[in-house]
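S.K.: Input: one structure, supplied below.
Here, each number is a calculation from the coordinates, and none is a lab measurement. This is a predicted model, so every value here is computed, not measured. With ideal geometry, Cβ positions are generated from the backbone for all residues, glycine too; neighbour counts draw on all protein chains shown.
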């Protein structure tokens, strides 16, 4: 807490924060920071992909419902999500968290991956957030990618991590629009 209140950033993105639908934990954290002199009246936490059940044995261990069988690693829905605290008003311009991994152009998901038809690209989430900064609107691209380790020789986490990073590259290069268009094979957007 002391480091945050001392640095007093205008915007703070926290990762590995458990999601609660009512926002009680995030509100309590904001209250503690405000007591220390860092007030964040604007807050955001969306339900992450972590712990979200897929109904598939994605890790091949012969059991359903494990932490590695979820959309993003998690023992329960919402474990290890993201939270955004801001001094400035904010608006979610786009939440790309439901984008399927296979729908990213030249995605690295294996054709025989057990989650090929349902695995989301985002292990936690990908948010486009507009901040109403004093100098004018500021766009924040927020995400928390899966670590590129903790898997086997198939390198599933490494491939997914690379694609999670590449999504923002495509976004910044104009390969994905903000209006719901889809990717083309060349990475450009089609409406």
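S.K.: Label points 7 Å out from Cα along the Cβ direction at residue 15 and residue 95: separation in nm?
M.R.: Simple spin-label model gives 2.0 nm for this pair.
S.K.: Roughly speaking, what is the stretch gain from residue 2 to residue 149, that is 0.36 nm per residue apart minus the C-alpha to C-alpha distance, in nm to one decimal?
M.R.: So the chain would gain 49.8 nm between residue 2 and residue 149.
S.K.: Same structure again: What is the extension gain from residue 35 to residue 61, computed as 0.36 nm multiplied by their sequence separation minus the C-alpha to C-alpha distance, in nm to one decimal?
M.R.: Extending this stretch completely gives an extra 4.6 nm.
S.K.: For segment 1-92, what's the radius of gyration and Dmax over Cα atoms, in angstrom?
M.R.: Answer for segment 1-92, Rg first and Dmax second: 16.0, 51 Å.
S.K.: Under a 10 Å cutoff between Cα atoms, tell me which one of 17, 149, 128 has the largest fluctuation in the Gaussian network model of the chain.
M.R.: 149
S.K.: Please work out how much length the chain gains when fully extended from residue 140 to residue 27, using 0.36 nm per residue of separation minus the C-alpha to C-alpha distance, in nm with one decimal.
M.R.: 38.6 nm
S.K.: Another question about this same structure. Take the chain, connect every pair of alpha-carbon atoms lying under 10 Å apart with a spring to form a Gaussian network, then pick out the residue of 52, 82, 172 with the largest mean-square fluctuation.
M.R.: Top of the fluctuation ranking is 172.
S.K.: Going by alpha carbons, how many degrees (0 to 90, nearest 10) lie between the helix axis of 156-172 and the longest principal axis of the chain?
M.R.: Orientation of helix 156-172: about 60 degrees from the principal axis.
S.K.: Okay, moving on. Going 7 Å from the Cα of residue 53 in the Cα-to-Cβ direction, what parts of segment 64-99 have a backbone nitrogen less than 15 Å from that spot?
M.R.: Under 15 Å, as judged by backbone N against the label point of residue 53, lie 64-72, 74-79 of segment 64-99.
S.K.: So, one more: So what's the Cα pair-distance distribution over the chain, bin width 10 Å, in %?
M.R.: 9, 33, 33, 20, 6, 0
S.K.: Okay, next question. Looking at the chain only, what percent of DSSP beta bridges run antiparallel? Nearest 5 please.
M.R.: On the way: 25 of 26 bridges.
About 95 percent, rounded to the nearest 5.
S.K.: Helix 24-35 against the longest principal axis of the chain: what's the angle in degrees, Cα atoms only, rounded to the nearest 10?
M.R.: Approximately 40 degrees, to the nearest 10.
S.K.: Just 159, 63, 75 to compare: in a GNM of the chain, with alpha carbon springs under 10 Å, which one fluctuates most?
M.R.: Judging by the Gaussian network model, the answer is 63.
S.K.: Please compute P(r) over all alpha-carbon pairs of segment 39-88, binned at 5 Å starting from zero, and give each bin as a whole-number percent.
M.R.: It works out to 5, 25, 20, 14, 11, 9, 7, 5, 3, 1, in whole percents.
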